[in-house]
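Accompanying notes for the structure given below.
The values are calculated or read from the model by the stated rules, or taken from the named source; none is laboratory data. Here the structure is a predicted model, which is why all the values come from computation and not from measurement. In this analysis, Cβ positions are derived from the backbone assuming ideal geometry, glycine residues included, and neighbour counts consider all displayed protein chains.
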Amino acid sequence: MYSRGRWCDFTKYFELKKNNSMECVVQGIIETQHVEALEILLQGLCGVQRERLRVHELCLKSGPSLGNVSSEVRLLCDLDQPEPTWTVKHVGGAMRGPGADQISVMVRAMVESKVSKNALRMFNALGYKLDHELLKVGFAFHFQRTANISVSVSSVNKMPKVHAIDEAVPVTPGMQIVDVTAPATPVNYSEVAAAVSSFCEFLAPLVHLSKPFISTGVVPTAAAAAASLMSDGGGTAL
Amino acid sequence: MPVKWVLHWQPNQGSTVSSQILNEATQCVESINGVKEGRWKATLNYYKPLLRDQTNQAEFPRDFLGISLADQPNKYYFIIRSQRIVLEADSSIQLIMERLQSYKSKVALYFEGFQYQLGDFRLRVGKVVPTHSENVRGIVMEVEYLPISSMEKSRKVMEEFLEIWHEALSKRSLPGKFVNIDLNFGEFGLGDNYTPQHTAVRYALVMAHMIATVQAVRG
């Protein structure tokens, strides 16, 4: 799903400086039964209104003869707006090497652009085909804590037929994905990573967050933590 | 957004476009009391696919172009005219295209010149030059009618203005004329209310005509 380019040269990061084209990311999973408790916790931590999340994500891949290497691009359609809005997103390689190993979040190249509604037609015309698509349904919080951080909690759903959003079913019933992301630049990525990392510690009782593709499973004591949050509406410190 | 027509200079058979014609056109605007406001610039890129196997070239569009418009500094527009596709994006889409490494800009052109206010009209006259050359490949003229954003409602006043313009320019006995191309915006999914996407499509069409003119001269 992600382009895994080689990207461990720090000097290259500075070329991207003017484009603010990186992000810090962690992910985790949580049982659906504990999502309400997580929402209460997030509401208390973030201090902002939660936003509904309903995003149709289409992953397109270049055809066999296009480009010297194959490439992928994601089209995101926000279905929660009165009029669906589209974004094109390119996710590049993650930082590697000793520097990256010392950071507990993934730092990777990422560029996105809002686009008008013809994006799918255009990329199809350019030789990109649909590889897979998902529907993410849940909620998100967007707030500032040293960095601009976004936390989303969503069920990931697959479609039995192409673009059949209304027939989407969960990929992992009973489990939801927690994503924490923050945009970064080559100049500030370590600060942003530290902000994300520090924020994630508050969520530890309910969900363990780590670099994507390095799954650590659910938190075994989440049930107790959730019960505590639900019993007093989140007023008790964990 | 105000309605805009984009005209291009069509030289007479046997003559070519030059900076001299641009100077004459600019002077003509000033002679009908156009007030110079400053410079303007737009950039156009022709993209070609990078292919592992050249025999598949026909599968990919030959007229994929991108344009940044003077009015919209944070936006970028893609057009595939043959398939009637136009897309508006943030400027960051150019970085995405670079990172995909599937298409590369092979030809880049600037449209640049001066901008004038003339009553309720804004005019931009400019030359078309490759980015690393001063060789004038064409001349364009934007005519914008500021009070109206409906193309249908503005048609009459635009046509009347162009009559005045043609008459003023004809006194200079230049070897050619400015031409406006009508097109069916509905085919591109665009409506009567004018938008920057309309301008992007107009520029794509102007380029197609300019290329056809050059090819006809060479032929």
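One table, with the values for the structure above:
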quantity	calculated
Residue check, A:S152 under 17 Å from the mean Cα position of the chain (by Cα), surrounded by fewer than 19 Cβ atoms within 10 Å (Cβ to Cβ) and either modelled with pLDDT under 95 or hydroxyl-bearing (S, T, Y) (or both)	no
Criterion violated by A:A164 - all others in (1) over 21 Å from A:K211 (Cα atoms); (2) at pLDDT below 95; (3) crowded, with 18+ Cβ neighbours inside 10 Å satisfied	(3)
Only listed residue being hydrophobic (A, V, I, L, M, F, W, C) and more than 10 Å from chain A (Cβ to nearest Cβ), chosen from B:A58, B:A89	B:A58
Some residue of the range B:32-52 being under 24 Å from B:T195 (Cβ atoms) and in a loop (DSSP other than H, G, I, E, B)	no
Test: residue in the range B:133-151 that is assigned to a loop (DSSP other than H, G, I, E, B), more than 25 Å from B:D192 (Cα to Cα) and hydrophobic (A, V, I, L, M, F, W, C)	yes
Qualifying positions in the range A:1-24 - at pLDDT 50 or above and either among the acidic types (D, E) or crowded, with 21+ Cβ neighbours inside 10 Å (or both)	A:S21, A:M22, A:E23, A:C24
Residues satisfying the stated conditions in the range B:176-198, i.e. surrounded by 14 or more Cβ atoms within 10 Å (Cβ to Cβ), within 14 Å of another protein chain (Cβ to nearest Cβ) and not small (G, A, S)	B:F185, B:F188, B:L190, B:T195, B:P196, B:Q197, B:H198
Members of the range B:140-170 found to be of a type in the set (K, R) and in contact (Cβ under 8 Å) with a residue 40 or more places away in the chain, listed by number	none
Selection from the range A:173-208 of residues that are part of a loop (DSSP other than H, G, I, E, B) and either under 17 Å from the mean Cα position of the chain (by Cα) or within 18 Å of A:R96 (Cα to Cα) (or both)	A:T185, A:P186, A:V187, A:N188, A:V207, A:H208
Odd one out for A:G99, checked against (1) of a type in the set (G, A, S); (2) within 14 Å of another protein chain (Cβ to nearest Cβ); (3) more than 26 Å from A:P160 (Cβ to Cβ); (4) touching a residue at least 24 places away in the same chain (Cβ under 8 Å)	(2)
Boolean, B:R124 is of a type outside the set (A, V, I, L, M, F, W, C), more than 9 Å from chain A (Cβ to nearest Cβ), touching a residue at least 60 places away in the same chain (Cβ under 8 Å) and on the phi > 0 side of the Ramachandran plot	no
Filtered residues of the range B:95-114 (kept if crowded, with 18+ Cβ neighbours inside 10 Å and either within 11 Å of chain A (Cβ to nearest Cβ) or outside any strand (DSSP E or B) (or both))	B:L95, B:I96, B:M97, B:R99, B:L100, B:S102, B:Y103
Given (1) within 18 Å of A:L75 (Cα to Cα); (2) in a strand (DSSP E or B); (3) within 14 Å of another protein chain (Cβ to nearest Cβ), number of the condition A:L120 does not satisfy	(2)
Members of the range A:49-77 that are in a strand (DSSP E or B) and facing chain B (nearest Cβ under 8 Å)	A:S62, A:L66, A:V73
From B:S173, B:S149, residue being at pLDDT below 95, among the hydroxyl-bearing types (S, T, Y) and surrounded by fewer than 18 Cβ atoms within 10 Å (Cβ to Cβ)	B:S173
A:E191 vs. criteria free of Cβ contacts under 8 Å to residues at least 24 places away in the same chain and over 25 Å from A:H56 (Cα atoms)	no
Hey, A:M122 under 30 Å from B:Q197 (Cα atoms) and either within 13 Å of the chain's Cα centre (by Cα) or free of Cβ contacts under 8 Å to residues at least 40 places away in the same chain (or both) or not	yes
Flag for B:T213 being part of a helix (DSSP H, G or I) and in contact with a Gly (Cβ under 9 Å, 6 or more places away or on another chain)	yes
B:Q54 being out of contact with any Pro (no Cβ under 7 Å at 6 or more places or on another chain) and in contact (Cβ under 8 Å) with a residue 24 or more places away in the chain	no
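Every residue, every condition in (1) more than 19 Å from A:G28 (Cα to Cα); (2) among the charged types (D, E, K, R), yes or no:
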position	(1), (2)
A:H163	yes, no
A:V169	yes, no
A:D179	no, yes
A:A182	no, no
A:V187	yes, no
A:E201	no, yes
A:L209	no, no
A:I214	no, no
A:A222	no, no
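Quick grid of which residues meet (1) modelled with pLDDT under 95; (2) surrounded by 21 or more Cβ atoms within 10 Å (Cβ to Cβ):
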position	(1), (2)
B:W5	no, yes
B:Q13	yes, no
B:L22	yes, yes
B:S31	yes, no
B:Q57	yes, no
B:G66	no, yes
B:Y77	no, yes
B:R84	no, no
B:S91	no, no
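Residues are listed down the side, and each one gets a yes or a no for (1) small (G, A, S); (2) within 14 Å of chain B (Cβ to nearest Cβ); (3) free of Cβ contacts under 8 Å to residues at least 24 places away in the same chain; (4) under 28 Å from B:L100 (Cα atoms):
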position: A:L135; (1), (2), (3), (4): no, no, no, yes
position: A:P170; (1), (2), (3), (4): no, no, yes, no
position: A:M175; (1), (2), (3), (4): no, no, no, no
position: A:L206; (1), (2), (3), (4): no, no, no, no
